[in-house]
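Just so it is clear, none of the values below were taken in a lab; they were calculated from the coordinates. Owing to the predicted nature of the structure, the values given are computational and were not obtained by experimental measurement. Positions of Cβ are generated from backbone atoms using ideal geometry, with glycine treated the same way; all protein chains shown enter the neighbour counts.
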Amino acid sequence: MKTFKIFILVAIALVGFSFTIQQKKATPWEIPAEYKKMENPLANDKASVNKGKMVYMKHCRSCHGNKGLGDGPKAARLKTFPGDFSSAEFQAHGDGELFYKSIIGRDEMPNYEKKIPSKKDQWAVINYLRTFKK
Amino acid sequence: MRTEYINKKAKNISIFESITGLFVILLILGSSLNVNAQTDEFANEPVSGTFESGLLAETQTVATPFAGEFELHIQHRFGLIENGLEDVFGIYATSNIRMGLNYGITEKFMIGYGYTKEFKLQEFHGKYRVLTQTESNSIPVSVAVYGNLAINSQDKSVFGNDYKFSDRLSYFSQLLVAHKFNDNFSLQFGPSFTHFNKTDTLVEHDKVALSLAGRAKVSPSMSLFFEYDQPLNIDDMREFASDENDPEANLSFGIEIGTSTHVFQVFMSNYEGITPQRNILYNKNKIGDGDFLVGFNILVRF
């Protein structure tokens with residue numbers, strides 16, 4: 001009976017583990033040149049960061065987490081890790097590149113041009129993403 | 001008798017004037033606060049998020065779904081809270097439910113269908129956003145027009161002897177004017193006109209009403225809101241001499257939580273009809289008597 005219990009525990013652990021390692025790291029993005037050199041037209045001030053926070057908490061938080069660590073409540077069900085926005089690697093991207101990743105999207109990262117229709121809101125989110133920098 | 005009528009009229013007009021006046025003052029105040037707003041490239045962009053969704057408690061707002069987007073509405077009103085623990089503040093009392101589907105044909109135009117449990121109302125409606133406020137306030141308000149047609153689909157014996165299909169029809173139309181003051185605060189004013197082809201005995205067929213609604217954000221995804229509806233029971237516009245069947249005003253207030261795909265509203269309200277024309281013409285629940293009920297609206301976008 002004891003071995004059976006241990007067997008069940010190991011089986012559960014294995015199943016659980018196999019689900020966690022299924023989430024793969026994102027492959028590198030192919031960002032069009034026009035976005036790479038695109039400049040952020042919105043000043044990175046308190047007002048725009050606050051606006052960006054509102055948009056982030058509404059549209060992004062559920063996957064990317066409150067602090068941008070990729071640990072939101074829906075993140076575990078994604079096939080791809082949503083990324084750690086506090087990392088130096090992420091913050092090294094230019095604003096235009098972040099804009100493409102955030103608003104245009106690909107695969108599991110949806111397009112937000114319709115859901116965040118205001119250009120000002122779109123760039124405000126980018127300014128808010130900068131506050132995650134460690 | 002005559003003076004009583006005049007006094008009453010004066011009272012009604014003063015309510016009307018004070019509500020309109022308040023809105024105008026707030027509008028001017030809001031515009032003046034934003035005079036020094038940025039003259040950047042976003043100046044002529046439409047403002048976003050004046051309201052979280054096209055519905056706020058009992059009223060429509062200037063918001064419409066995006067082009068090609070569906071909205072599923074589930075609206076629920078419990079019974080009056082007056083019985084206390086006996087029916088757990090109305091939760092176990094008779095309730096009213098509406099389910100509806102809206103579709104955004106363009107960014108500015110939506111159509112929808114819904115059905116309400118009470119009176120088996122089948123409702124078709126449409127909303128068109130005529131103007132959208134801009135970031136620089138070059139257009140200071142968002143304006144939308146809303147109209148609906150409700151068909152009472154109860155058994156025809158309900159309609160009495162001379163039954164005609166048109167007896168089932170009722171209409172509601174509203175002009176909505178909203179101003180977003182800043183990221184946290186928006187107000188909306190909405191005069192409306194209600195018409196029923198057939199009403200209960202000594203109930204008027206037409207009613208003009210005013211609505212004032214507002215929302216204040218308390219956190220990035222949560223806000224507090226209120227809504228007030230005043231039917232204009234003015235003697236000059238009265239169809240019958242008696243004011244016995246005059247409808248009562250409504251006050252709704254509650255909290256709203258908005259996410260990317262859902263909007264949740266939980267609130268207290270005097271209205272139990274859900275469909276606006278039913279609320280405007282037949283409400284007997286008084287604010288002063290504490291005839292409130294708990295209601296919630298859930299919206300799913302897909």
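Descriptive notes on the structure:
- Note on A:F7 and A:E30: the extension gain reaches 3.7 nm, defined as 0.36 nm multiplied by sequence separation minus the Cα-Cα distance.
- Kirkwood Rh, Cα atoms: Rg over Rh of chain B: 0.97
- Residue-count net charge about B:F119 - beta-carbon cut-off 10 Å; Lys, Arg +1, Asp, Glu -1: +3
- Sum of -39500 (n - 2.57) over DSSP H runs of 4+, divided by residues of the protein assembly as shown (222 nm, nearest 500): -7000 deg cm²/dmol
- The residues neighbouring B:T132, those whose beta-carbon lies less than 15 Å from its own, together hold a net charge of +2 under the Lys/Arg +1, Asp/Glu -1 convention.
- Semi-axes of the equivalent ellipsoid for the stretch B:169-282, computed as √(5λ) from the eigenvalues of its C-alpha gyration tensor and ordered from largest down, come to 31, 14, 12 Å.
- Pairs exceeding 25 Å between alpha-carbon atoms, taken from A:K51/A:K134; A:K46/A:K133; A:K74/A:K120; A:K37/B:K108; A:K53/A:K114: A:K74/A:K120; A:K37/B:K108.
- Structure remark: mean-square fluctuation, Gaussian network model of chain A, C-alpha springs under 10 Å; the largest value among A:F90, A:F81, A:F99 belongs to A:F90.
- Three-way shape call for the stretch B:235-285 based on the alpha-carbon gyration tensor, with the a/c threshold at 1.5: prolate
- Largest mean-square fluctuation among B:V130, B:V208, B:V141, in a Gaussian network model of chain B whose springs join Cα atoms under 10 Å apart, belongs to B:V130.
- Estimated FRET transfer efficiency (B:E41, B:Q122; beta-carbon r; R0 51 Å; 0.05): 0.60
- Fewest-first ranking of B:L85, A:L9, B:L281, A:L78, using other Cβ atoms within 10 Å as the exposure measure: B:L85, A:L9, A:L78, B:L281
- Of B:F124, B:F172, B:F42, the residue with the greatest mean-square motion in the GNM of chain B, using alpha carbon springs below 10 Å, is B:F42.
- Restricting the calculation to Cα atoms, chain A yields a radius of gyration followed by a Dmax of 18.4, 68 Å.
- Between 0 and 90°, nearest 10: helix A:119-129 axis offset from chain A longest Cα axis: 50
- Just so you know, the Cα atoms of the protein assembly as shown work out to an Rg and Dmax of 25.9, 96 Å.
- When the Cα gyration tensor is reduced to axis lengths a ≥ b ≥ c, the ratio a/c is 1.5 or higher for the stretch B:137-234, and with a/b above b/c it is classed as prolate.
- Counting every other Cβ atom within 10 Å of each residue's Cβ, A:I12, B:I105, A:I103 order from fewest to most as A:I12, B:I105, A:I103.
- Set of lysines with alpha-carbon distance to B:K207 below 27 Å, sequence-local pairs under 8 removed: B:K8, B:K9, B:K11, B:K117, B:K120, B:K127, B:K156, B:K164, B:K198, B:K284, B:K286
- Net charge, A:A75 excluded, C-beta distance under 12 Å - Lys, Arg +1, Asp, Glu -1: +1
- When you filter the chymotrypsin sites (Phe, Trp or Tyr not before Pro) in the stretch B:44-73 for DSSP loop state and at most 16 other Cβ atoms inside 10 Å of their Cβ, you are left with B:F66.
- Percentage relative contact order, the stretch B:2-301, counting C-alpha pairs under 8 Å, at least six apart: 17
- Residue order, fewest to most surrounding Cβ atoms within 10 angstrom, among B:H205, A:H59, A:H93: B:H205, A:H93, A:H59
- For the stretch B:157-165, 3J(HN,Hα) per residue [Karplus equation, 6.51 cos²θ - 1.76 cosθ + 1.60, θ = phi - 60°, Hz, x = Gly/Pro]: 5, 4, 8, x, 6, 8, 5, 10, 4
- Rounded to the nearest 10 degrees, the angle from helix A:46-59 to the longest Cα principal axis of chain A is 40 degrees.
- Ranked from largest, the principal axis spans of the Cα set of the stretch A:57-134 equal 30, 27, 20 Å.
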